[in-house]
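S.K.: Would you mind keeping the following structure in view while I ask a few things?
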Amino acid sequence: QIKYDKVFAASNHTQNTLMVRRVFHIMKRSPSYNLTRLMIAILYALIIGTVFIRTRHTEKIFYQNEVDGILSAVFLSLIVVGVVSVSMAVPVMKQIRDVFYKHRASGMLAHNSVTVAVTIGELPYICLMSAIFASVFYSLVGLFETLDRWLYFFLIFGLNIATYTYFGQAFMCLVRDTTT
């Protein structure tokens, strides 16, 4: 009986590096996925932000109805863009999952490598999408003109999109096919 010291021939670092590179190639080769996400960010920011163009003001005090409207718009944008992120992440994750199954069957990859690669591979696009949405939405609504408030909104929006995107990817890994 043959015994090996390790399950995989390559180290975790090598597996992670190669899988991250592969995921970046998959992302680069699917411009419809990435450009559609960016266009959706612009479109929804314009649609939701244009509601507040006429109510934009320079006063420091907001009335109750303005606060309700702005918070509702922020909530709506988080939910709508988040749900779109879930539905768009599923087909791309199926492609990555199929590559992983092929490599796992040959004894080349562990689950950790795919998890790290997908997380790192999505981050630039999530950050870009969040920056575009936050910039367009903030310029239309005119909430606060300071950079720290914009960064805070960018962070909240980015974490929300990341949560929805990673949830969609995890869901794809749990089900058999895209239809499910």
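The values are calculated or read from the model by the stated rules, or taken from the named source; none is laboratory data. Source: prediction; values computed, not measured. Backbone-built Cβ (ideal geometry, glycine too); neighbour counts: all protein chains shown. The area values use the complete protein model at the heavy-atom level, side chains included, leaving out ligands, DNA and RNA. Shrake-Rupley method; radii C 1.70, N 1.55, O 1.52, S 1.80 Å.
S.K.: Going by accessible area, probe 1.4 Å, with all protein chains left in place, what is the ranking of 13, 111, 25, 103, largest first?
M.R.: 13, 111, 25, 103
S.K.: Then there is this: Looking at region 85-178, which trypsin sites (Lys or Arg not before Pro) are DSSP coil and have at most 12 other C-beta atoms within 10 Å of their C-beta?
M.R.: Of the trypsin sites (Lys or Arg not before Pro), the ones in loops of region 85-178 whose Cβ has at most 12 other Cβ atoms within 10 Å are 176.
S.K.: Another question, then. Report the relative contact order of region 102-180, percent, no decimals, based on alpha-carbon pairs under 8 angstrom and at least 6 residues apart.
M.R.: This gives 28 percent for region 102-180.
S.K.: Could you derive backbone 3J(HN,Hα) for region 105-111 from the dihedral phi with the Karplus parameters 6.51, -1.76 and 1.60 (θ = phi - 60°), listing whole Hz in sequence and x where the residue is Gly or Pro?
M.R.: In residue order, the calculated couplings are 5, 8, x, 9, 10, 9, 4 Hz.
S.K.: Next up: Between residue 173 and residue 46, with labels modelled 7 Å along Cα→Cβ, what's the label distance in nm to one decimal, could you check?
M.R.: Result for the modelled spin labels: 3.6 nm.
S.K.: I've got another one for you. Any of 6/102; 6/28; 6/94 with alpha carbons more than 30 Å apart? Name them for me.
M.R.: Over 30 Å apart, Cα to Cα: 6/28.
S.K.: Report the relative contact order of region 43-180, percent, no decimals, based on alpha-carbon pairs under 8 angstrom and at least 6 residues apart.
M.R.: Relative contact order here is 46 percent.
S.K.: State in Å² the accessible area per residue of the chain; use a 1.4 Å probe, count heavy atoms of protein chains only, and round to the nearest integer.
M.R.: Value for the chain: 62 Å² per residue.
S.K.: Give the accessible area for residue 30 in Å² (nearest 10); use a 1.4 Å probe, count only protein heavy atoms, and leave out ligands, DNA and RNA.
M.R.: 20 Å²
S.K.: Mind pulling the angle between the C-alpha long axis of helix 12-28 and the longest principal axis of the chain? Nearest 10 degrees, somewhere in 0 to 90.
M.R.: On a 0 to 90 degree scale, this one is about 50.
S.K.: Leaving out ligands, DNA and RNA, and with a 1.4 Å probe, what % of the accessible surface on the chain is carbon or sulfur?
M.R.: Exposed carbon and sulfur together represent 66 percent of the surface.
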